[in-house]
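Written out below as structure tokens is the structure these notes cover.
We did not get these values from a lab; they are worked out from the coordinates using the rules stated. Quick caveat: nothing in here was measured; it's all calculated off a predicted structure. Counting neighbours? That spans all protein chains shown, and the Cβs are built from the backbone with ideal geometry, glycine included.
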Protein chains: 2
Amino acid sequence: MSAPARPRAAVVVTGSELLTGTIPDANGPWLSRELSALGFEVSHVLVVGDRPGDLAAALEFVRDAALVVTSGGLGPTADDLTGEVVAAFAGVPLELDERMRERIAGILEAWARRTGFGGPALEEANRKQAMVPRGAIALDPVGTAPGLVVRTPGPLVVVLPGPPRELQGMWPAALAAGPVAALLAGIPRAPARHLRFFGLPESEIAATLRTVDVGDVEVTTCLRRSELEVDLRPVPGDEDAADDLAAVLAERHERHLVSMDGRTTDEILAGELLARGWTVATGESCTGGMLASRLVDRAGSSDYVAGGVVAYSNAAKTDLLGVPAELIAAHGAVSPEVARALADGARSRFGADVGVGITGVAGPGGGTEAKPVGYVCFCVTTADGRVIARDPRLPGSRSDVRERSTDLAMHLLLRAVRG
Amino acid sequence: MSAPARPRAAVVVTGSELLTGTIPDANGPWLSRELSALGFEVSHVLVVGDRPGDLAAALEFVRDAALVVTSGGLGPTADDLTGEVVAAFAGVPLELDERMRERIAGILEAWARRTGFGGPALEEANRKQAMVPRGAIALDPVGTAPGLVVRTPGPLVVVLPGPPRELQGMWPAALAAGPVAALLAGIPRAPARHLRFFGLPESEIAATLRTVDVGDVEVTTCLRRSELEVDLRPVPGDEDAADDLAAVLAERHERHLVSMDGRTTDEILAGELLARGWTVATGESCTGGMLASRLVDRAGSSDYVAGGVVAYSNAAKTDLLGVPAELIAAHGAVSPEVARALADGARSRFGADVGVGITGVAGPGGGTEAKPVGYVCFCVTTADGRVIARDPRLPGSRSDVRERSTDLAMHLLLRAVRG
């Protein structure tokens, strides 16, 4: 079938530190998600270094897009060159924006008072950051760097600062700027469907997709935190096809289904605990607090997280969570019996409704033939007598084993709470 | 000065899930770091969707590089198209590699036995994954997808699978493959210098750099985990310039210096604790186990991590860590006094040499005028009487505040242990 095409957008992220691998880029994924949600088809994310020629080449490469969003290169250091390169791409000179210079000066002054850093380093930064391509719209700084909306002979270019907090803070103002708002007004919306499965391999979804008519729905799959996310993006006017496909996938893989509305295990678990007025407590060995921290991630978690103990040593298991020393001696610290005692101990010590215990061999050392690296014992117990236990061998490195253990524990918690 | 240029490399990462922002790309940063360390200048990282036209355009765009590494698109689903597009780019047909088909069949059979998934879905996946461009070198699978080394009229192209574990596992074999090894043999090496600073703004480094002769040294700065990483990359033959610059930066910003050899606070802290035979215990409120988990991140951490308590409620602070209820009533749960009691309580309950207490307002709710969101109290105490306390107001979102609190706690721990 034929359907209206979505306009294409591209993201150009600058920063040599991203190319030397010092830090992973957070802005490309964030902007991609935003642009996709607005109805753009994101064609490329390019990461380029702080070299003017490479940035210019990247802008040339994405010249056919309707919208290009750049991030970074607006800072005070000499390697921050985005304003200059975008001005050249637009064919206009840079000019000092006096209003912006004063605004930035005010921000920097407050910052200098607070931190004690100041002087000539700041003045130079101020002037550099207030240079604006002629005719461009300057967006007020969230940190100290203003953003830009620049019309060019090719795409509309939105220039945003590199720090994710500043970029995300400036995004609403960028969308509200005249030329961007005009572009957005012309885009038909077709919201995507999001399904989530736990413990289902991608190849099973692929097999199902080969047996059905997918129509014009774009299907992407992605494994994150042990959950397979399946996104179904219809073209506008073909939303029914996405709904039908979602129903088929949910039915075929029902045993693994987490949600049909994109909600994660974490979100659902928080809702279920709140609905019951229950609290949860953790007794962690190999995960070392990662599960507690994951539970506390969400705002408002104090309503359902009682607390936890990181019982890394045998003494801590016994002293803080009441795991009998004889139980550890009889079965070993990594055993289903000790996982159960950790869960019960955490529940009892914190007066919680649900307890979860995790003990395992995260590696790289410490494995034996009977209990190899990756062997992890889980137990969830509830005040009303539910018990769920597992002791899988999880693959991967030390951090893989710890992360997968945390994922699985969240999943088991949800099963226990749902009952 | 003139210096031998470094050959350029580019990374092309495929995956629509990366463009819709579902997941951040881990392979681009990892490959960038590896390629930089090998002496390449990484010109671009491109993320493209699972659309053949976009992948082909990306390969065209980086045609001038000496080496292109791709990741992803080798899986069993229909959106996995990298082999096909790279073959077209090289101008050769795809052929079934019978040896590879059998190898993959063996791997899949073992996997099917273990997981219970199998049948036609797997057989189709097998055949698709064993298709190899004529004349290319197939690299043995780490998961189920083989990699490829493909000579083209332009750059040498290395095709790797998308899952980071598989990609990283296959990397040594890719480097050892004949054409890649030959390319590497011709690259002059000039190792980078890495400096790290805690709590130093980028603008201060920029100011220092304006006062000295930087020569041909490429300087990149990057803020991660509250540490400013400064990388100095000399051109081969000019290593002295990088050493001189490192010495100047270290001297000017000595108060903030963490290390001159790239070691992180985490690495140094582990070394200092091991050297003294000391153990550490945590009493965490707002960070909720994130600090304990960070301490346990490193292999061998059981030698110096005693354990920790996530004391999210007042009752838990009192019951598990002995924080007097009157102290909480008098000063509030978020106070320097309670942070101190959490540190002492953790040290005493776990019999540790060092205790650290954290209590704060992570937000978004719960702030007051006196104790706003971001106000966090820290205390580190040692068995031999050292006490370090701080109570800053940290900026940012709930997760920012929790992460920065963890960063600062690691830094304070190191200061206390070093004495």
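Evaluated at q = 0.06, 0.09 Å⁻¹, the base-10 log of the normalised Debye intensity for the protein assembly as shown, with identical point scatterers placed on the Cα atoms, takes the values -0.41, -0.99. For segment B:265-418, the Cβ-based charge dipole about the Cα centre amounts to some 140 debye (Lys, Arg positive; Asp, Glu negative; other atoms uncharged). Spin-label model, A:Leu257 to B:Arg418: label points 7 Å out along the Cα-to-beta-carbon direction sit 5.6 nm apart.
Inter-chain Cβ neighbour count for B:6-15, averaged per residue, equals 1 (cutoff 10 Å, partner chain atoms only). Once the Cα-Cα distance is subtracted from the 0.36 nm per residue extended length, the B:Arg134 to B:Ala330 segment shows a gain of 62.9 nm. Amide H contacts for B:Leu223 (H built 1.01 Å from N in the peptide plane; partners 5 or more residues away or on another chain; cut-off under 5 Å): B:Glu229. Counting only Cβ charges, +1 for Lys and Arg and -1 for Asp and Glu, the dipole size of the protein assembly as shown around its Cα centre is about 1400 debye.
In order along segment A:400-409, the phi-based Karplus estimate (6.51 cos²θ - 1.76 cosθ + 1.60, θ = phi - 60°) of 3J(HN,Hα) comes to 4, 4, 5, 5, 5, 4, 5, 4, 5, 4 Hz; Gly and Pro are listed as x. Legend: mean number of C-beta atoms from other chains within 10 angstrom of residue C-beta atoms, peptide A:33-45, equals 5. When chain B is treated as a Gaussian network with alpha carbon springs shorter than 10 Å, the biggest mean-square fluctuation among B:Arg398, B:Arg340, B:Arg196 belongs to B:Arg398.
Approximating the spin labels as points 7 Å out from Cα along Cα→Cβ, the B:Ala112-to-A:Ala299 distance works out to 5.0 nm. Cα centroid separation, segment A:144-181 to segment B:167-213: 31 Å. Taking 1.306 mPa s as the viscosity and 10 °C as the temperature, the Stokes-Einstein diffusion coefficient of chain A based on its alpha-carbon Kirkwood radius rounds to 64 µm²/s.
Among B:Leu81, A:Val180, B:Thr265, whose Cα lies farthest out toward the positive end of the dipole of the protein assembly as shown, if unit charges sit on the beta carbon of Lys, Arg (+1) and Asp, Glu (-1)? Value computed over the given set: B:Thr265.
In order along segment A:168-183, the Karplus-derived 3J(HN,Hα) couplings, from 6.51 cos²θ - 1.76 cosθ + 1.60 at θ = phi - 60°, round to 5, x, 8, 4, x, 5, 5, 5, 7, 4, x, x, 6, 4, 5, 5 Hz, and Gly and Pro are given as x.
No solvent, one uniform scatterer per C-alpha: report log10 I(q)/I(0) for segment B:310-383 via the Debye equation at q = 0.24, 0.25, 0.28 1/Å, two decimals. Listed by q, the Debye log ratios stand at -1.05, -1.11, -1.28.
Dipole orientation for the protein assembly as shown: of the candidates A:Thr318, B:Ala56, A:Ala409, A:Thr318 has the Cα lying most toward the positive pole (charges on Cβ; Lys, Arg +1; Asp, Glu -1).
Beta bridges assigned by DSSP with both partners in chain B are antiparallel in approximately 55 percent of cases. For the protein assembly as shown, the share of DSSP beta bridges that are antiparallel, to the nearest 5, is 60%. Placing a label point 7 Å from the Cα of A:Arg252 along the Cα-to-Cβ direction, the distances to the matching points in the other copies come to 6.1 nm, shortest first. Rg over Rh for segment B:193-259 works out to 0.94, both radii taken from alpha-carbon positions and Rh defined as the Kirkwood radius.
Can you classify segment A:141-293 as rounded, prolate or oblate using the Cα gyration tensor, where a ≥ b ≥ c are the square roots of its eigenvalues, rounded means a/c under 1.5, and otherwise it's prolate if a/b beats b/c and oblate if not? It comes out oblate by the Cα gyration axes.
Note on A:Lys371: lysines with a C-alpha under 24 Å away, same-chain residues under 8 apart excluded, are A:Lys317.
The Cβ shell under 14 Å around B:Val248 holds other residues with a net charge of -4, Lys and Arg each +1, Asp and Glu each -1.
Take B:Asp384, project a point 7 Å from its Cα along the Cβ direction, then tell me which residues of segment B:402-419 have their backbone nitrogen under 12 Å from it. Under 12 Å, as judged by backbone N against the label point of B:Asp384, lie B:417-419 of segment B:402-419. Net charge of the neighbourhood of A:Gly345, taken over other residues with C-beta under 11 Å away and scored Lys/Arg +1, Asp/Glu -1, is +2.
3J(HN,Hα) along segment A:379-389: 8, 10, 10, 10, 4, 9, x, 6, 9, 10, 10 Hz, from the Karplus curve 6.51 cos²θ - 1.76 cosθ + 1.60 with θ = phi - 60°, whole Hz, x for Gly and Pro. Would you list which aspartates and glutamates come within 17 Å of B:Lys128, measuring only between C-alpha atoms, while excluding same-chain residues fewer than 8 positions from it? Partners found: A:Glu202, A:Glu204, B:Asp50, B:Asp79, B:Asp80, B:Glu84, B:Glu95, B:Asp97, B:Glu98, B:Glu102, B:Glu109, B:Asp140. The distance between label points at B:Ala315 and A:Thr368 comes to 3.8 nm (points 7 Å beyond Cα on the Cα→Cβ vector). Note on segment A:265-418: dipole from Cβ charges, positive end direction compared against A:Gly308, A:Thr359, A:Tyr375; the farthest Cα belongs to A:Tyr375.
Close amide-amide hydrogen proximity is noted between A:Ser71 and A:Val12, A:Val13, A:Thr14, A:Leu160, each under 5 Å apart and 5 or more residues distant or on a separate chain (H modeled in the peptide plane; Pro and chain starts excluded). Mean per-residue shielding of peptide B:295-302 is 6, counting Cβ atoms of other chains within 10 Å of each Cβ.
Taking Cα centre as origin and charging only the Cβ of basic (Lys, Arg, +1) and acidic (Asp, Glu, -1) residues, the dipole magnitude of chain B rounds to 720 debye. With a cut-off of 10 Å between beta carbons, the residues surrounding B:Asp297 carry a summed charge of +3, where Lys and Arg count +1 and Asp and Glu -1. Measuring from each Cβ of chain B to the axis that turns chain B onto chain A, the shortest distance belongs to B:Gly289, 1 (residue, then whole Å). Sorted shortest first, the separations between the A:Thr368 label point and its copies elsewhere in the assembly read 5.3 nm; each point sits 7 Å from Cα along the Cα-to-Cβ line. Label-point spacing at B:Arg127 relative to the other copies reads 7.0 nm, in ascending order, each point sitting 7 Å out from Cα along Cα→Cβ. Taking 0.36 nm per residue of separation and subtracting the Cα-Cα distance, full extension of the segment from B:Ala181 to B:Thr264 would add 26.7 nm.
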